[in-house]
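What follows is a set of notes on a single structure, which appears directly below.
The values are calculated or read from the model by the stated rules, or taken from the named source; none is laboratory data. Quick caveat: nothing in here was measured; it's all calculated off a predicted structure. When we count neighbours, we look across all protein chains shown, and the Cβ atoms used for this are built from the backbone with ideal geometry, even at glycine.
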Amino acid sequence: MYNDDLIRLLESGRKVIGCFPLYPPLELFDAMGLAPVVLWRFPEPMPETPASDSHLQNYACSVARRLTDFILSDAGGAIDGVFMYNACDTLRNLPEILEHGTRAAGRPLPVHRVHMPMVGCGQEQDVDTAGFIADEFAGLIQALETTYGVVFSAERFEKSIRRFETIRDLCRQLDMAAAQGRIPFADFVRVVHRTWWMSAAAQVDFLTGVLAETREVSPEPVTRKITGRVLLSGILPPPVPVIEAIEGAGLAIAGNDIATLYRAYAKMPAPAADPGRYYHQFYREHFPCPTLLYTADERFDTLLDLIRRRGASGVIFAGEKFCEYEYFEYPYLENRLKAEGIHTLRLEIAMADASISALRTRIEAFAEMVGG
Amino acid sequence: MTSQVKTESGRHLSKIMRDCYMDIHQRAAQGAFVIWIAINVPAELFAGFDNVIYAVPESHAATSAAKGVGALQCEKAEKIGYSMDLCSYARIDIGTVADGGNDSPTFGLPAPQMLVSDNNNCSLLVKWFDVHHRQMGIPHYIVDVPFCYSPQREKDRKYIVEQFRGLIRAIEEKSGQRHDMDRVREAMQYTSEGLAHWKRFLSLAAHRPSAITAFDSFVQMAPFLTLRGTPQFAEHYRLLADETEQLVADSRFPVPNEKYRLFWDNIAPWHQLRNMSARLAQMDANIIGATYTQCIGTVEGSFQPHLYAGGDPLDYMARTQNAYVCPHGMELRSRAMAEAVETLGVDGIVFASNRSCKPYSITQIDQMKQMTETLGIPAVMIDVDHADARKFSQETAYLRIEALLESIEAGRVTVS
Ligand code: SF4
Ligand code: SF4
């Protein structure tokens, strides 16, 4: 039922906090002696979601359905609590479903929530978002202390921030290695996704090891015959067969704007002893993501900058089916990118993404266009 | 059978809505400052300005769907790249704007100078308004309303009030007009008066047979979106409630042989109002109430009116920001639904699962189980898109509703 990483995590004796996507306060949980795992995808493949299907309609996105399935099935017994913030309309409706479901299963799960202000950028002078966030985090810390018998320490918090800065820095280095072809993109994804089920310390060791191995095996950028360089964008990376089809069509994946990858490790603020201050900066200055509503105005320029820096001439949007946040932005991004001479391809990745033959044909046609 | 003859309030509704759309087009042409708002943005705020008018894309989308052009406008949005999975209100609006208001029953909406969205019903709406923000190059103010799982926190109310104040300042700055809070107070009085009449109207569903159908009440919601805070608003709902009381006194009912009293959960099926009410009436069934209409004029999780009783209008407005179904959680939804079901004497519930509106629909499977188990009331789930008729299968829906009626009947036989 559990993979080795999860078993190790459970054996560490830390209480496991299952965090709803997208960008939970991992540093805080780690600093308080808890083990946060982001419930994006799961140790084992999950092609079907029977436990979720009796609670959620099939038009909920695969992230929500898999998360629900994991927590409500036996595997969810590994989790000691759940954390969520107002990341999206679908996720905000899940806590009560999970509370009811786990209560009915005789293992009620504590659910911890905070509200992250989503006011627009120009509105910061109208409302005290910093104060609001500080207050939310004070409440969260208190709830964690009471529920799990742990204690907050400013010193440990700063230390944890540094550890996560190391993790993100290692991810960025690996990201660059993938962009240079020194590690296949699918392997890079597997590596980063595996870290979700590790303690922070284990993540540092693991990523350091992979990076050292990459340097040894492939110290220089790999040159292979390619038709063009593209960026991948989406909530999750597409499934491995799609990545292989992209690379098989002669395209190099020169970078990504994916929520589980680059958007998550692109940047973080300087360490601070005060969680309120730190997380105010963390969220307000986050790498743009359609779910962080106030980052919308920056998204195009940031994306274009990344495209230019990575020398890409195309973007493949791997749309998570039923994720409105992503889909609302596509026509705008596509038009603006087109005006900049950047080709775009939109793929729709659904829960049952069994066959990729139709996608392959489109990817091949796109590769020709990018190459042409 | 439901009467297709227009009532006095029906005629009045058509008139005030027609006048309202003509008025905003005219005033916009004469230089008024135009704001497009989300339905939950408290429109009474704008009464504090001399020459600020507002239009509501969601309301326009509902009208378009009810007039049979919903799917047509959706297709226009799809053609320019908007996914068919996006909310149909958004697609109708984006399609209408992209085609310059063609095919719109109201000649579109006057071009805005500012957009005000909020995320209490859904944050999708913020993304939708962002589409216009970029396309039109105009400012977009986002009102951030924390979702609530238990009654609204004091802290959240203050946070919302701060934003309302900020919004007023932003409009003052952009429109060059001064805001007068006394006029907002006056507007709130009209709204509150209208709300009291609205609640009086809805309560007539408790009569056996019911004096109203939810279909009528859906149509009658329109002034809530476009005329709040005006004397016409208060007057319209007085007329509606009085007239309906008179119908009861005259023993005139929409479904006189009413055998099945049903309750609706989700947005109105705008493209099906006439068909569905007629078809149900043929089966002696009536949808007598709906979460969609009952939540208006309340606070989250309640069925009781929550009216303005003087004081700071911004505080009252903020307090009601979580009232509508989508901005609060399942426990609160269930509480309000149970109260409505019991008060109105409902026999069965129709959960309309709406893939266009995830915020409304995602909790429905669990809520349906809860209602059936705790209230012992049969319920059924049907698939309905509120504004895109292409995503509705009549046959499947009616088969399920017939099954619901059969199970109500079976329950009665068992009891007797
Ligand atoms: S994929 Fe989109 S809809 Fe799904 S959980 Fe993530 S943000 Fe929400
Ligand atoms: S998703 Fe639902 S709440 Fe949001 S705009 Fe559409 S219909 Fe309204």
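Assorted remarks:
- Residue list for the stretch B:297-330, filter: in contact with a helix residue (DSSP H, G or I) (Cβ under 7 Å, 6 or more places away or on another chain) and of a type in the set (A, V, I, L, M): B:299, B:307, B:314, B:317, B:318, B:325, B:330
- Each residue in the stretch B:112-147 was checked for being more than 16 Å from ligand 1 (Cβ to nearest atom) and not in a loop (DSSP other than H, G, I, E, B), and 16 pass.
- Index of the failed condition, residue A:307 passing every other in (1) surrounded by fewer than 22 Cβ atoms within 10 Å (Cβ to Cβ); (2) away from every other protein chain (no Cβ under 14 Å); (3) under 20 Å from the mean Cα position of the chain (by Cα); (4) at pLDDT 95 or above: (1)
- Wholly within the stretch A:172-267, helices (runs of 4 or more DSSP H) carrying at least 2 residues that are among the small types (Gly, Ala, Ser): A:200-217, A:240-248
- Residue match in the stretch A:274-281 (condition: part of a strand (DSSP E or B) and either away from ligand 2 (no atom under 16 Å from the Cβ) or on the phi > 0 side of the Ramachandran plot (or both)): no
- Residue identified as of a type in the set (Ser, Thr, Tyr), farther than 18 Å from residue A:90 by Cα and in a helix (DSSP H, G or I) among B:298, B:372: B:372
- Every test in (1) crowded, with 24+ Cβ neighbours inside 10 Å; (2) closer than 17 Å to residue B:58 by Cα; (3) without any contact (Cβ under 8 Å) to a residue 60 or more places away in the chain is passed by residue B:130 save one, and that test is (1).
- Test result for residue B:263, away from ligand 2 (no atom under 16 Å from the Cβ), within 22 Å of the chain's Cα centre (by Cα), away from chain A (no Cβ under 14 Å) and modelled with pLDDT under 95: no
- Subset of the stretch B:122-179 that is more than 24 Å from residue B:111 (Cβ to Cβ) and among the aromatic types (Phe, Trp, Tyr) - its residue that is farthest from the other protein chains (Cβ to nearest Cβ): B:164
- Among residues of the stretch B:355-368, those that are away from ligand 1 (no atom under 16 Å from the Cβ) and facing another protein chain (nearest Cβ under 9 Å), counted: 3
- A single entry from B:37, B:94 fulfils the requirement of being within 20 Å of the chain's Cα centre (by Cα), within 16 Å of ligand 2 (Cβ to nearest atom), without any contact (Cβ under 8 Å) to a residue 60 or more places away in the chain and crowded, with 24+ Cβ neighbours inside 10 Å: B:94.
- Flag for residue B:329 being more than 26 Å from residue B:40 (Cα to Cα) and either away from ligand 2 (no atom under 16 Å from the Cβ) or not β-branched (Val, Ile, Thr) (or both): no
- In the stretch A:229-254, the residue that is surrounded by the most Cβ atoms within 10 Å (Cβ to Cβ) out of those that are of a type in the set (Gly, Ala, Ser) and within 18 Å of residue A:346 (Cβ to Cβ) is A:233.
- When B:307, B:332, B:314 are screened for being part of a loop (DSSP other than H, G, I, E, B) and touching a residue at least 60 places away in the same chain (Cβ under 8 Å), only B:307 passes.
- Here residue A:57 passes the criteria (1) within 13 Å of another protein chain (Cβ to nearest Cβ); (2) closer than 15 Å to residue A:101 by Cα; (3) free of Cβ contacts under 8 Å to residues at least 40 places away in the same chain except the one numbered (2).
Yes/no matrix, rows are residues, columns are (1) more than 16 Å from ligand 2 (Cβ to nearest atom); (2) at pLDDT below 95; (3) crowded, with 23+ Cβ neighbours inside 10 Å:
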| position | (1), (2), (3) |
| --- | --- |
| A:34 | yes, no, no |
| A:38 | yes, yes, no |
| A:46 | yes, yes, no |
| A:49 | yes, yes, yes |
| A:68 | yes, no, yes |
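- All told, residue B:111 meets the bar of being surrounded by fewer than 19 Cβ atoms within 10 Å (Cβ to Cβ), away from every other protein chain (no Cβ under 14 Å) and away from ligand 2 (no atom under 16 Å from the Cβ).
- Scan of the stretch A:332-353 for residues that are closer than 20 Å to residue A:236 by Cα and within 14 Å of another protein chain (Cβ to nearest Cβ), ordered by number: A:333, A:334, A:344, A:345, A:346, A:347, A:348, A:349, A:350, A:351
- Residues that are at pLDDT 95 or above and under 24 Å from residue B:319 (Cβ atoms) do occur in the stretch B:102-117.
- Selection within the stretch A:296-331 - more than 13 Å from residue A:233 (Cβ to Cβ) and in a helix (DSSP H, G or I): A:296, A:297, A:298, A:301, A:305, A:308, A:309, A:324, A:328, A:331
- Those residues of the stretch B:204-246 which are surrounded by fewer than 20 Cβ atoms within 10 Å (Cβ to Cβ), part of a loop (DSSP other than H, G, I, E, B) and either touching an Asp or Glu at 6+ places or on another chain (Cβ under 9 Å) or assigned by TED's automatic domain parsing to the domain that holds residue B:67 (or both), in sequence order: B:208, B:209
- Any hit, the stretch A:72-89, residues being closer than 20 Å to residue B:353 by Cβ and within 16 Å of ligand 2 (Cβ to nearest atom): yes
- Checking every residue in the stretch B:197-205 against the condition of being farther than 24 Å from residue B:226 by Cα, away from ligand 2 (no atom under 16 Å from the Cβ) and either within 12 Å of chain A (Cβ to nearest Cβ) or in contact (Cβ under 8 Å) with a residue 24 or more places away in the chain (or both) gives at least one match.
- The lone exception for residue A:269 - which of (1) touching a strand residue (DSSP E or B) at 6+ places or on another chain (Cβ under 9 Å); (2) without any contact (Cβ under 8 Å) to a residue 24 or more places away in the chain; (3) not aliphatic (A, V, I, L, M) it fails: (1)
- For residue A:80: the one exception among (1) under 22 Å from residue A:46 (Cα atoms); (2) surrounded by fewer than 21 Cβ atoms within 10 Å (Cβ to Cβ); (3) within 9 Å of chain B (Cβ to nearest Cβ): (3)
- Across the stretch A:310-327, the qualifying residues are those that are among the small types (Gly, Ala, Ser) and more than 10 Å from chain B (Cβ to nearest Cβ), and the one among them that is farthest from ligand 2 (Cβ to nearest atom) is A:311.
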